[in-house]
Amino acid sequence: MMSSEARIAAMAKDARAAATEVARAGPARTADALRAAAAAIRDRAAAILDANARDLAAADGLGAALRDRLRLDAPRVEAIAGALEAIAALPSPVGEVIDSRTRPNGLRLQRVRVPIGVVGIVYESRPNVTADAGALCLRSGNAVILRGGSEARASNRALHWALATGLAAAGLPQTAIQLVDDPDRALVSAMLRAAGAIDLVVPRGGKSLVAAVQAEARVPVLAHLEGNNHVYVHHAAAPAMAEAVVLDAKLRRTGVCGAMETLLIDADYPATIPLVEALLERGCELRGDGRAQALDPRIRPAGPEDWDTEYLDAVAAVAIVDGLEAALTHIATHGSGHTDAIVTGDRGAATRFLAEVDSAIVLHNASTQFADGGEFGLGAEIGIATGRLHARGPVALEGLTTYKWVGRGTGQVRG
């Protein structure tokens, strides 16, 4: 029996060869493959939902947020197919000239986008990541090795079948999108240690998964932290807008990484009580500082850990802050660098907030739940990167490329 390391090495070798073949085939063929995969998902929607039902039935101990991420229904399956078509319709970034220059000696230089190579994706609970990550890697000229969580094993297998069907229909190697369909955790460790065979690992999941990947990896990691996101309601916010933005940011879907986890309300905001009542009346538990608790007896006291917690549930921390400076300080102290928003009619306050909050996504008068690659017009995303290197925010096609320098001369030598 092959060791975990040997199994991953063999998959990576096949992926490398597939990436070369995909590059030669060109973007028209990858678009064909994704459209064929979308058709396969629609044709097999019933089988995909049946597989998902089996996963849900076996996931009794899964928390509400992870269970929501795992669950598929007919609209979600259609959204997965639609995302593949949207990615197919996007221009491939491969070959894009980022910039060019001609040196005094006549040597012409260009920076050109190229695929990263072989990408490994480690994720949990979300079967849609199987399709999104496979499609984004393929469209950006990469090959990918997918390792989803065991709780979504049947769903992932069904969606991977559709991707493989699309690749075959377009005459592309099925090894361009491979699925590690074995729950053995040793295979994940082997992926993370496969330096030179796998070029980049992207973890997609909770804080513990990301931390474990970063601690063990010998392969470069494109990681994201949890979405400890803030909405700051400035004193110049329009009350109707503030309520709409806050309710959507917290309650549209509580289990997504773009959900608001902390509400900051300016001490001079004139409609504080109706705002917190709107959340409470819709079933959102609030945990507040002393001033927030004084607004409504239903607000529980917040402990020190509440300001740093990604609840992924109908729970939010709430604090009353003395102006923009205090809001900025709170976010800098407790934020995770994911997504933060200000609601205000004061352009100067908004400009300062957008400039000084050091997060991957900063928003003015909009819900944090727009933190999504599809909403950014990127087709889908492989994750939201919160670091400062290579890619930041929703990672889509461009984030899965690097670049090389191409020089064209007429016999120039340095002498």
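The values are calculated or read from the model by the stated rules, or taken from the named source; none is laboratory data. This structure is a prediction, so every number in the text was calculated from the model and none was measured. Don't worry about glycine lacking a Cβ; one is built from the backbone with ideal geometry, like all the others, and counts go over all protein chains shown.
Key figures
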| read-out | value |
| --- | --- |
| Filter pass, L378 being buried (at least 18 other Cβ atoms within 10 Å of the Cβ), touching a Pro at 6+ places or on another chain (Cβ under 8 Å), over 21 Å from G205 (Cβ atoms) and not polar (S, T, N, Q) | no |
| Filter pass, T410 being of a type in the set (S, T, Y) and farther than 27 Å from R139 by Cβ | yes |
| In the range 37-56, residue surrounded by the fewest Cβ atoms within 10 Å (Cβ to Cβ) [restricted to those that are farther than 25 Å from P173 by Cβ and out of contact with any helix residue (DSSP H, G or I) (no Cβ under 6 Å at 6 or more places or on another chain)] | A46 |
| Residue selected from the range 321-358 under the condition in contact with a His (Cβ under 7 Å, 6 or more places away or on another chain) and among the β-branched types (V, I, T), by the criterion farthest from L225 (Cα to Cα) | T344 |
| Residue pairs meeting the criteria (Cβ under 8 Å; at least 6 apart or on separate chains; first closer than 14 Å to Y123 by Cβ, in the range 186-202; second of a type in the set (D, E) and part of a helix (DSSP H, G or I)) | L192/E216 |
| Conditions (1) modelled with pLDDT under 95; (2) out of contact with any Ser or Thr (no Cβ under 7 Å at 6 or more places or on another chain); (3) crowded, with 17+ Cβ neighbours inside 10 Å: number failed by M2 | (3) |
| Among (1) under 26 Å from G255 (Cβ atoms); (2) touching a strand residue (DSSP E or B) at 6+ places or on another chain (Cβ under 9 Å), the one test that P304 misses | (2) |
| Cβ-Cβ under 8 Å pairs, at least 6 apart or on other chains, the range 1-25 side farther than 17 Å from M191 by Cβ, far side in a helix (DSSP H, G or I) | A17/T175; E21/A176; V22/R29; V22/T30; V22/L138; V22/A176 |
| Search result, residues across the range 265-284 that are part of a loop (DSSP other than H, G, I, E, B) and within 29 Å of the chain's Cα centre (by Cα) | R282, G283, C284 |
| Cβ pairs under 9 Å, 6+ apart, first in the range 172-183 and among the polar types (S, T, N, Q), second surrounded by 22 or more Cβ atoms within 10 Å (Cβ to Cβ) and not in a helix (DSSP H, G or I) | T175/A143; Q178/A143; Q178/V144; Q178/I145; Q178/L146 |
| Given (1) among the acidic types (D, E); (2) part of a helix (DSSP H, G or I); (3) modelled with pLDDT under 95, index of the condition D60 fails | (2) |
| Matching strands (runs of 3 or more DSSP E) fully within the range 63-144 where at least 1 residues are surrounded by 24 or more Cβ atoms within 10 Å (Cβ to Cβ), modelled with pLDDT under 95 and assigned by TED's automatic domain parsing to the domain that holds G399 | 118-123 |
| Qualifying residue in the range 205-215 (condition: surrounded by 22 or more Cβ atoms within 10 Å (Cβ to Cβ) and not assigned by TED's automatic domain parsing to the domain that holds V357) | yes |
| The range 383-406 - residue that is closer than 20 Å to G134 by Cα and hydrophobic (A, V, I, L, M, F, W, C) and, of those, surrounded by the fewest Cβ atoms within 10 Å (Cβ to Cβ) | A391 |
| R287 over 12 Å from V246 (Cα atoms) and either in a helix (DSSP H, G or I) or touching a Leu at 6+ places or on another chain (Cβ under 6 Å) (or both) | no |
| Pairs where the first residue, in the range 207-218, is over 17 Å from G337 (Cβ atoms) and the second is of a type outside the set (S, T, Y) and assigned to a helix (DSSP H, G or I), C-beta under 6 Å, 6+ apart | E216/L192; A217/L192 |
| Single residue of the range 342-352 satisfying the filter (of a type outside the set (S, T, N, Q) and within 17 Å of A238 (Cα to Cα)) that is surrounded by the most Cβ atoms within 10 Å (Cβ to Cβ) | I342 |
| Entirely in the range 145-264, the strands (runs of 3 or more DSSP E) that have 2 or more residues that are at pLDDT 95 or above and not hydrophobic (A, V, I, L, M, F, W, C) | 229-233 |
| Selection count, the range 218-241, where residues are small (G, A, S) and either touching a Cys at 6+ places or on another chain (Cβ under 9 Å) or crowded, with 22+ Cβ neighbours inside 10 Å (or both) | 2 |
| Pairs, first closer than 17 Å to P220 by Cβ in the range 118-134, second among the hydroxyl-bearing types (S, T, Y), C-beta under 7 Å, six or more apart | none |
